[in-house]
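The values are calculated or read from the model by the stated rules, or taken from the named source; none is laboratory data. None of these values were measured; they are calculated from a predicted model. Virtual Cβ from ideal backbone geometry, glycine too; neighbours counted across all protein chains shown. These area figures cover heavy atoms from the full protein model, side chains too; ligands, DNA and RNA do not enter into them. Shrake-Rupley method; radii C 1.70, N 1.55, O 1.52, S 1.80 Å.
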Amino acid sequence: MSHRKFEAPRHGSLGFLPKKRTKKHQGKIRSFPKDQDASAAPHLTAFRGFKAGMTHVVRGVDRPGALMHKREVVDAVSIVETPPMVVVGVVGYVETPRGLRTLTTVFAEHLSEEFKRRCYKNWFASKKKAYTRYAKKYSTDGGKDIEHELQRIGKFCSVVRVIAHTQVKKLNLRIKKAHIMEIQINGGADCKAKVDFAKSLFEKEITVDSVFAKDEQVDVMGVTKGHGYEGVTTRWGVTRLPRKTHRGLRKVACIGSWHPARVSTTVPRAGQNGYFHRTELNKKVYRIGKKGDGASCQTEADLTEKSITPMGGFVRYGEINEDWVMLKGAIVGVKKRPLILRKSLQNHSSRKHLETIDLKFIDTSSKLGHGRFQTFEEKAKFLGPLASKQK
């Protein structure tokens, strides 16, 4: 028997198996924050946005005792465009020994075309009759049937979630079907308070600043960038073999012993890489911008009036014309990918997580090359009168 001369931990985590393309293309919330504080007002716990791109900011560090205290650091930040969502229903769950079970669902009377499009494979050829019979419940007997179902949710259910959808017509993404998701309601004295809160939101827009606040930690759910079929070195990070190796060197040298006469599931193999569903925890919210705010990137140190869209627009995305959220660091997925932002599952106590962010400068130079100017006015002032503009 040979023996190992040096320690060699395995390459790649087995916790993410099977490494196959996800079926949850829009992201999925697998667990919501625990509903423990009955004294808090009823509130929503998640929101959906669309990845626009990245930029960088300069901020002051406020962490007494740390080496970087009162110094300036440059952070990479991701921008997520978050147009208002519309609440169109409420669903109640009862707890059973085998988990949650849906008791009943109540929809709003008026539903938008975006929502109904999601109910059809082919909207153009359909009769567009979705929910027309259901809407009549609001007019028959003064909506007694609807009120009865809402009372049932308030009486028997322990978990209440609203059904909300995105307004993709506000974005330039060339899609017409809304993304529909459930958002859990936490807080409230009892379940009836949750149902009343949900009913008050029917057919109304909810904005991202009503769910999240600056300096809060959020979790981001989405689908990673797909890379197709790739080999073991890229997919698992195994060590390349020596240069003179026969028949290639980006391989696993031994894929197992003679017996058992099959390849173990723990051995790295080539296959699909990327387009996996992933949840990233604790992304700090640096800033929340409002639609139409031309000075949303103004700071105390940089008084230039400018919005978040860089010169020439975000690469492969374009301009941001709706509300947006700035998160620290990188996030999963390619541009335009739908993401879910969820309130953190943890109670944070570290100084890093509780730190108040003081932005000094937000970069809006072009992301297409070596950005030199922050605004078009600055560029025109530097270059002076151009011959092309004199015609």
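Using a probe of 1.4 angstrom and keeping all protein chains present, the accessible surface of the stretch 167-281 works out to 59 square angstrom per residue. Take every pair of alpha-carbon atoms less than 8 Å apart whose residues are at least six positions apart; their mean separation over the length of the chain yields a relative contact order of 26 percent. Measuring between alpha carbons in the structure, the pairs from K194/K306; K128/K343; K34/K177; K121/K225; K34/K284 lying more than 28 angstrom apart are K194/K306; K128/K343; K34/K177. Between R250 and K5, the C-beta separation translates, for a Förster distance of 25 Å, into a calculated FRET efficiency of about 0.60. Calculated on the Cα set of the chain, radius of gyration then Dmax: 25.8, 85 Å. Using the Cα centre of the chain as the reference point, and only Cβ charges (+1 on K/R, -1 on D/E), how large is the resulting charge dipole? Debye, rounded to the nearest 20. Its charge dipole is roughly 2680 debye. Of the peptides 120-129, 296-305, 329-338, the order by per-residue mean of other Cβ atoms within 10 Å, starting with the highest, comes out as 329-338, 296-305, 120-129. Taking only the alpha carbons of the stretch 143-240, we obtain Rg and Dmax values of 20.6, 70 Å in that order. Here the spin labels are modelled as points 7 Å beyond Cα on the Cα-Cβ line, and at A40 and Y138 they lie 3.1 nm apart.
To put it simply, the accessible area of the chain at a 1.4 Å probe is 52 percent carbon and sulfur. S210 sits with roughly 80 Å² accessible to a 1.4 Å probe, with DNA, RNA and ligands left out of the calculation. Distance from the Cα centroid of the stretch 11-52 to that of the stretch 340-362 is 18 Å (rounded to whole angstrom). With the gyration tensor restricted to C-alpha atoms of the stretch 230-360, the semi-axes of the equivalent ellipsoid amount to 46, 20, 15 Å, longest first.
Ranked by the mean number of other Cβ atoms within 10 Å of their residues, highest first, the peptides 19-26, 312-319 fall in the order 312-319, 19-26. The solvent-accessible area of D190, taken with every protein chain present and a 1.4 Å probe, is close to 80 Å². Note on surface exposure: R48, R117 rank R117, R48 by accessible area, highest first, 1.4 Å probe. Relative to its residue count, the stretch 294-391 spans a Cα convex hull of 157 Å³ per residue.
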